[in-house]
Amino acid sequence: MKRSRIIELLARKMAGEATKRELEELTELINSFPDAVYYDEVLQQIWLNSDEGPDSCPDIDRIYQCHKLKFYDELVTPEQEPPVPALSQYKKLSGALLALCILFFIGIFYLGHKDNEVFNTQIIAGKGVRKNVKLPDGTVVWLNADSKLSYNTAINHKDVRVVHLTGEAFFDVAHSQSHPFIVRTDKISIKVLGTAFNVKAYPVDEKSVATLLRGSIELSVNKNSSQKIILNPLEKFVLDDDKQGVMKMDEQDMSLMIEHIVPVRIGNYEYIEEVSWKNNTLVFHNETFEDLKPRMERWFNIRVHLNSEKAKSYRFTGVFKNENIKEALTAMQLIKPFTFNLKTHDVIIY
């Protein structure tokens, strides 16, 4: 496009029609494109020979050869570098990959040491198993089925005591005014000094729930850590990734709810449903079979297959303590009509 403009301006110049501004533009373009001088020479030859007759034609090739000799320095093509041998290319590639690997592991090291979060110990409770452990700082933890707790064995020497939870756990935190205790999950973080609370944060569940029994806790959602929420005793915090709630997170498809803990009365006893599992008691109140499914799978270490759409909507209220899966399902059959086929690690509901 600029070369066409150069030719146009050169023609106007030779015809004596170019304005002062066009002549300045032409000078700027020729300075930007040195070989544009070639166009100037060709057009001059055409202009000078135009009176020799309609059949006359300038020797374009000769003009260009003269032009190349005159502007050799500007037109010379840089010499290409000799091809790099395959072995040399391989060495360069290997070096680049090595550098990337080093950067990767430096990043991993940095992330692993951020805020002194170096977890060198894991406590795992498989499905059907519940564990009780005491951390080196004196904090007592009850770990529910299909859960994992990660921490550092030197946690009692840290300025900030940090643990990471996947699943569900009840914490009775050893008080230390100068050493806050932080529980981190994939979705929420909880900061305390000394208190008793329950955290439920299974990866497959839409809801993350923190239930406070004693003391106070400060919560934040990982996607919006600047927003802090303080819980009082007998309150619970619910982060729901799917449904509308009391407080809507900005630009996030999730809601936050703070609710009071209401004990559930079944028979002659009252239970706090959110923490009853700590006492090896599975309590459920007005829950559908579909909602109970993941809890029963973790509690009894079995896969539940709901092959009946009608059975999915059945609602149950009850308590399981020492029952096995067959005894539990038989008791549930007294409330709602369904059949089941029990195999080694699977139960099919019809």
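Structure notes:
- Hz values of 3J(HN,Hα) by residue in segment 263-270 - Karplus curve (6.51, -1.76, 1.60), Gly and Pro given as x: x, 9, 9, 10, x, 9, 10, 10
- Accessible surface of T317 - all protein chains present, 1.4 Å probe, nearest 10 Å²: 60
- Inter-label distance for Q333 and N268, nm, one decimal - labels placed 7 Å from Cα along Cα-to-Cβ: 2.9
- Nonlocal amide H pairs with L213, under 5 Å, H built at 1.01 Å: A196, F197, N198, L234
- Scanning residues 5 or more positions from D137 or on other chains, those with amide H under 5 Å from its amide H are N156, with H placed 1.01 Å from N in the peptide plane.
- Legend: residue pairs K200/K223; K127/K200; K223/K278; K134/K343; K310/K343; K148/K336, Cα-Cα distance threshold 26 Å; pairs beyond threshold, K223/K278; K134/K343; K148/K336.
- Here each label is just a point 7 Å from Cα along the line to Cβ, and for A11 and K207 those points are 8.0 nm apart.
- For Y202, the solvent-accessible surface with a 1.4 Å probe is about 10 Å², rounded to the nearest 10.
- Other residues within the sphere of radius under 11 Å centred on the Cβ of R130, judged by their own Cβ, net out at +2 (K and R +1, D and E -1).
- Taking each residue as 0.36 nm, the span from N132 to L23 lengthens on full extension beyond its C-alpha to C-alpha distance by 30.3 nm.
- Legend: P(r) of segment 255-309 from all alpha carbon pair distances, 5 Å bins from 0, whole percents, reading 4, 15, 21, 23, 19, 11, 7, 0.
- Were the residues from S178 through R315 laid out at 0.36 nm apart, the gain over their Cα-Cα distance would be 44.6 nm.
- Cα pair count fraction exceeding 21 Å, expressed as % - segment 198-341: 51
- Computing FRET efficiency as 1/(1 + (r/R0)^6) for S308 and A154, where r is the C-beta to C-beta distance and R0 is 51 Å, gives about 0.45.
The values are calculated or read from the model by the stated rules, or taken from the named source; none is laboratory data. A quick note: this is a predicted structure, and the numbers were derived from the prediction, not measured. Quick reminder, even Gly has a Cβ in these numbers, built from the backbone with ideal geometry, and neighbours come from all protein chains shown. The area values use the complete protein model at the heavy-atom level, side chains included, leaving out ligands, DNA and RNA. Shrake-Rupley method; radii C 1.70, N 1.55, O 1.52, S 1.80 Å.
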